[in-house]
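Taken together, the values in this text are just the output of simple stated rules run on the coordinates, not laboratory data. Bear in mind that the values here come from a model prediction, so they are computed numbers and not experimental data. Neighbour counts run over all protein chains shown; Cβ positions are idealised from the backbone, glycine included.
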Amino acid sequence: MAQALKLRVQCHACGYMIEGTAKYGEGHYVGEGVPFDFVAIGKVINSKGKRVVKGEVTCICPKCTVRNKYNV
Ligand SMILES: [Zn+2]
């Protein structure tokens with residue numbers, strides 16, 4: 001099942017606040033905001049003891065078209 005990851009990041013080049021969702025997993029999914037590519041690199045246990053997915057997201061800034069990469 002597809003899981004939506006909400007993201008709010010700042011463009012490295014122009015400082016524009018990019019907001020959108022990335023998809024993790026299989027299945028149908030409709031994103032919101034700026035589209036992100038998500039690559040999972042593993043799972044970690046967060047401070048609440050819950051397993052959360054960790055990975056890298058890339059997106060293209062809608063303002064200056066620079067490609068940005070973030071760890072989530
Ligand atoms: Zn930008």
(message) Quick check: residue separation of TYR70 and LYS48 times 0.36 nm, minus the Cα distance between them. What number comes out in nm?
(response) 5.6 nm
(message) I want to check the label-to-label distance for HIS28 and ARG8. Put each point 7 Å from Cα in the C-beta direction and report it in nm to one decimal.
(response) 3.0
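Send over the Kirkwood Rh of the chain, from the inverse of the averaged 1/r over different Cα pairs, rounded to one decimal Å. Intermediate results must be reported in sequence, preceding the final value.
Numbers: mean 1/r = 0.0778 Å⁻¹.
12.9 Å is the Kirkwood radius here.
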